[in-house]
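One structure is given below, encoded as structure tokens.
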Amino acid sequence: MTIEVSKVVATDAALELIEIVKAKHGPVMFHQSGGCCDGSSPMCYAQGEFLVGDSDVWLGDIGGAPFYMSKSQYDYWKNTMLIIDVVPGRGGMFSLEGPEGRRFLTRSRVFSDEERRVLGL
């Protein structure tokens, strides 16, 4: 039996908020902030508003939205599943969910040995 493993998943609350944001802004994408101004928040942008390049890694899609992280940050977090959730409060100043009174939050857990094997880590 082969198991399917995702590098990024979203809670039901996050999927609901993604749909709200998409209804207002159209297709969206995420980039995991690496610190600085917005801490370590998953940032939600209208597709095309944030340019990804060779230094970014696609982790998967959540709610139909692609999710990226910088390669240097991915090298550090590659053994960890990102779990995108929602909590009350304002998000990063450039993230689209800010006016909703809730913000996306990254939780995580370390992959099991079997999950790492499936992912080739």
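The values are calculated or read from the model by the stated rules, or taken from the named source; none is laboratory data. Note that the coordinates shown come from a computational prediction; the quantities given were computed from them, not determined experimentally. We place every Cβ from the backbone using ideal geometry, glycine too, and count neighbours over all the protein chains shown. Accessible surface areas use protein heavy atoms only, side chains included; no ligands, DNA or RNA. Shrake-Rupley method; radii C 1.70, N 1.55, O 1.52, S 1.80 Å.
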All but one of (1) more than 13 Å from the chain's Cα centre (by Cα); (2) in a strand (DSSP E or B) hold for Ser72; which doesn't? (2)
The condition from (1) of a type in the set (Phe, Trp, Tyr); (2) assigned to a strand (DSSP E or B); (3) under 20 Å from Val5 (Cα atoms) that Phe104 misses is numbered (3)
Can you say whether Ile62 is hydrophobic (A, V, I, L, M, F, W, C), open to solvent by less than 20 Å² (accessible area, probe 1.4 Å), on the phi < 0 side of the Ramachandran plot and touching a helix residue (DSSP H, G or I) at 6+ places or on another chain (Cβ under 6 Å), as far as the supplied structure shows? no
Give me a count of the residues in segment 37-60 that are touching a residue at least 40 places away in the same chain (Cβ under 8 Å) and either assigned to a helix (DSSP H, G or I) or out of contact with any Leu (no Cβ under 6 Å at 6 or more places or on another chain) (or both). 11
What are the pairs, 6+ residues apart or on separate chains, where a residue within segment 105-117 that is more than 19 Å from Thr11 (Cα to Cα) has its Cβ under 6 Å from a residue that is of a type in the set (A, V, I, L, M)? Glu115/Val5
Report yes if some residue within segment 34-42 is open to solvent by less than 70 Å² (accessible area, probe 1.4 Å) and among the hydrophobic types (A, V, I, L, M, F, W, C); otherwise report no. no
Contact list, first residue from segment 18-31 and in contact (Cβ under 8 Å) with a residue 40 or more places away in the chain, second anywhere and assigned to a helix (DSSP H, G or I) and open to solvent by 50 Å² or more (accessible area, probe 1.4 Å), beta-carbon distance below 6 Å, six or more apart or interchain, is Val28/Lys22
Does segment 89-101 contain at least one residue that is assigned to a strand (DSSP E or B) and either of a type outside the set (Val, Ile, Thr) or at pLDDT below 90 (or both)? no
